[in-house]
Amino acid sequence: MNGSVKKIVQNTGFLYVRMLITMGIMLYTSRVLLDVLGAADYGLYHVLAGVVVLLGFLQGALSTMTQRFIAVELGRSDRDPSQLARIFSMSVNIHLLFAVVLSLVALALGYFFLLDFINYGDNEPTTVLWVFVFSIATFVMNLVVLPCHGVVVAHERMKAYAWFGITEAVLKLAIVLMLPYIAMHSLLAYAMLLFGVSSVLLVAYFIFVLRRFRAVRFMLFWDAKLFRSLASFSGWSMWGNAANVFANQGANLLLNVFFGPVLNAAKSIGTQASGALNQFVTNLQSAINPQLMKSYSADNTDYTDKLIYYGAKYNFFLIAFLALPVMVYTPEILALWLVEVPEYAPLFLQILLAKVVVESISKPLITAAYATGRIRMYQAVVGGILLLNIPLAWWALSLGAGPEWVFYIAFFMMLLSALARVVMLKRVYHFSARRFALDVLWPVTRVGVLLGGLAWLVTSLLAADGLLMLLLGIAALMLGTLVIVVFFGFAAPERRALLKLIYRP
């Protein structure tokens, strides 16, 4: 195993540890917070802090911007050390500019309209406004720290990134445990302490980055040309991210208008479960991204192509291994997880998981397009296709289609956007669609067909009658998936490398 591959494996491991620990802590934190605040104040806080969710696409685009430009600069053989400082400084300036503008707009809208549009129960209006103010302040801290995230990830220091994430989760749990002992309104105290945690992490991140990476430093200067490059990239990246967010929220609205809130609950369950599984692929891709961008910048097209092809294939194998048991035993698993399973929740989850599995193949294509920096046409086309979800779903529902057609249409548009990614990537990079089909799509299709046969065989032989039979069925599916992937998904050199790794003395 060469050093680069070993680094990807190690970083993926760090990210998995981070994900599992933070997920466990945050699930417990949510339970304790709900008990401390009560259902009304718990819900009120998430309404007031909803601006963070609505602007999630903005955070993702800005974080990608810093990571891309730093990684590409690190990959250059003729790198100018001072350029890293200029990129970091201008990135911080752009984040500060966005933070100031967005916070002023949000505060103005909140001050004049917030209390007229939300139900804040028995809470004092002044308390509600201060909770909103601290929610915006927390959002600002989380926005300004993104350049540091980008620097750490671009340098492939995932161990440090994991520790920061775990520390954040622990601090958030600590402040929730402190709330019963604070002599003030619990909701306001929580908002203030959450702002404090974000501020501490912001300072800690900047200290770590400025001390650990000597070439990265913050300077008070303005580079108009660099600003245009960064702003253009982040703007088109925001468009792509916003298209995903609006398509998802539009689906929620359509389900609510045509079928009522029960269907929203069913979709929410499917989204949470599929999103949790998708995190495994996201972490693998996050470990690959810096090397892919650096190798592109260094004109190492052979290694860049390998990362694209292997990343696409292994993304599919990983998520298929995790998702297949859930897709096969969806009703039984949901019955164990939930007290009452909403109607359509099993079907929605199965379609969403199928979408996540297939979509995982295109993740390296997205990174490759970002690495080129030429994403205007790419994002315009792909984002436009994704936004067609809403009018097409509305048209289908207006004709009397069932709620599942919202998800069928989303799946079809995902396939269309994946095809568009291949076509658009060929415009900006020497990308071989033929090699992608032979090295990725053919083994992936072969494995997918065999997994379908495996699912039929296991369900025919092992009916999920009781917990023990369910666990046996899941184990059989996972073991069968491993065998199929190794013998029908891996090429001969990959199998030899795997055997060498297993039997290494």
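Odds and ends about this structure:
- Scanning the stretch 168-225 for residues that are under 19 Å from Leu143 (Cβ atoms) and of a type in the set (Asp, Glu) yields a single hit, Glu168.
- Check on Ala371, within 30 Å of Phe69 (Cα to Cα) and small (Gly, Ala, Ser): yes
- Boolean, Met377 is open to solvent by 40 Å² or more (accessible area, probe 1.4 Å) and on the phi < 0 side of the Ramachandran plot: yes
- Criterion applied to Trp394, Trp337 was being open to solvent by 50 Å² or more (accessible area, probe 1.4 Å), more than 23 Å from Ser274 (Cα to Cα) and either in contact with a helix residue (DSSP H, G or I) (Cβ under 8 Å, 6 or more places away or on another chain) or among the aromatic types (Phe, Trp, Tyr) (or both), and the one residue passing it is Trp394.
Conditions (1) under 19 Å from the mean Cα position of the chain (by Cα); (2) modelled with pLDDT under 80; (3) open to solvent by less than 70 Å² (accessible area, probe 1.4 Å), marked per residue:
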| site | (1), (2), (3) |
| --- | --- |
| Gly3 | no, yes, yes |
| Asn11 | yes, no, yes |
| Leu15 | yes, no, yes |
| Met19 | yes, no, yes |
| Tyr28 | no, no, no |
| Gly38 | no, yes, yes |
| Asp41 | no, yes, yes |
| Ala49 | no, yes, yes |
| Leu55 | yes, yes, yes |
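- Cβ pairs under 8 Å, 6+ apart, first in the stretch 119-133 and under 12 Å from His185 (Cβ atoms) and of a type in the set (A, V, I, L, M, F, W, C), second at pLDDT 70 or above and open to solvent by less than 50 Å² (accessible area, probe 1.4 Å): Trp130/Leu188; Trp130/Ala191; Val131/Leu187; Val131/Leu188; Val131/Ala191
- With respect to the conditions (1) among the small types (Gly, Ala, Ser); (2) open to solvent by less than 20 Å² (accessible area, probe 1.4 Å); (3) closer than 20 Å to Ile361 by Cα, Ala410 lacks only one, and its number is (2).
- Of residues in the stretch 317-332 being assigned to a helix (DSSP H, G or I) and in contact (Cβ under 8 Å) with a residue 60 or more places away in the chain, the one surrounded by the fewest Cβ atoms within 10 Å (Cβ to Cβ): Phe321
- Count of residues meeting criterion [free of Cβ contacts under 8 Å to residues at least 12 places away in the same chain and either part of a helix (DSSP H, G or I) or in contact with a Leu (Cβ under 6 Å, 6 or more places away or on another chain) (or both)] in the stretch 396-422: 3
- Those residues of the stretch 161-200 which are in a helix (DSSP H, G or I), open to solvent by 20 Å² or more (accessible area, probe 1.4 Å) and of a type in the set (A, V, I, L, M), in sequence order: Ile166, Val170, Leu171, Leu173, Ala174, Leu177, Met178, Leu188, Met192, Leu193, Val200
- Taking the stretch 172-188 as the range and being under 17 Å from Ser135 (Cα atoms) and out of contact with any Ser or Thr (no Cβ under 8 Å at 6 or more places or on another chain) as the test, the residues that pass are Ile175, Ser186.
- Candidates Leu365, Leu347, Leu352 - the one that is open to solvent by less than 20 Å² (accessible area, probe 1.4 Å) and either in contact with a strand residue (DSSP E or B) (Cβ under 7 Å, 6 or more places away or on another chain) or part of a helix (DSSP H, G or I) (or both): Leu365
Quick grid of which residues meet (1) of a type in the set (A, V, I, L, M); (2) surrounded by 19 or more Cβ atoms within 10 Å (Cβ to Cβ); (3) part of a helix (DSSP H, G or I); (4) in contact (Cβ under 8 Å) with a residue 60 or more places away in the chain:
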residue	(1), (2), (3), (4)
Phe431	no, yes, no, yes
Leu450	yes, no, yes, no
Trp456	no, no, yes, no
Leu479	yes, no, yes, no
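- A Cβ distance below 7 Å, combined with a sequence gap of six or more or placement on separate chains, defines the contacts here; from the stretch 213-238, residues that are over 15 Å from His95 (Cβ atoms) reach residues that are assigned to a loop (DSSP other than H, G, I, E, B) and open to solvent by less than 50 Å² (accessible area, probe 1.4 Å) in the pairs Phe213/His155; Trp236/Ile375.
- Looking at Asn123, Asn142, just one residue is under 16 Å from Val203 (Cα atoms), of a type in the set (S, T, N, Q), modelled with pLDDT under 90 and surrounded by fewer than 22 Cβ atoms within 10 Å (Cβ to Cβ), and that residue is Asn142.
- Taken together, the residues in the stretch 275-316 that are open to solvent by 10 Å² or more (accessible area, probe 1.4 Å) and under 30 Å from Val341 (Cβ atoms) amount to 9.
- Across the stretch 215-261, the qualifying residues are those that are in a loop (DSSP other than H, G, I, E, B) and of a type in the set (Phe, Trp, Tyr), and the one among them that is surrounded by the most Cβ atoms within 10 Å (Cβ to Cβ) is Phe218.
- The selection criterion, being closer than 20 Å to Gln379 by Cα, open to solvent by 80 Å² or more (accessible area, probe 1.4 Å), assigned to a helix (DSSP H, G or I) and free of Cβ contacts under 8 Å to residues at least 40 places away in the same chain, does not hold for Leu438.
The values are calculated or read from the model by the stated rules, or taken from the named source; none is laboratory data. Keep in mind the model is a prediction, meaning the values are calculated, not measured. Note: ideal-geometry Cβ built from the backbone for every residue, glycine included; neighbour counts use all protein chains shown. In case anyone asks, the SASA skips ligands and DNA or RNA and just uses the protein heavy atoms, side chains included. Shrake-Rupley method; radii C 1.70, N 1.55, O 1.52, S 1.80 Å.
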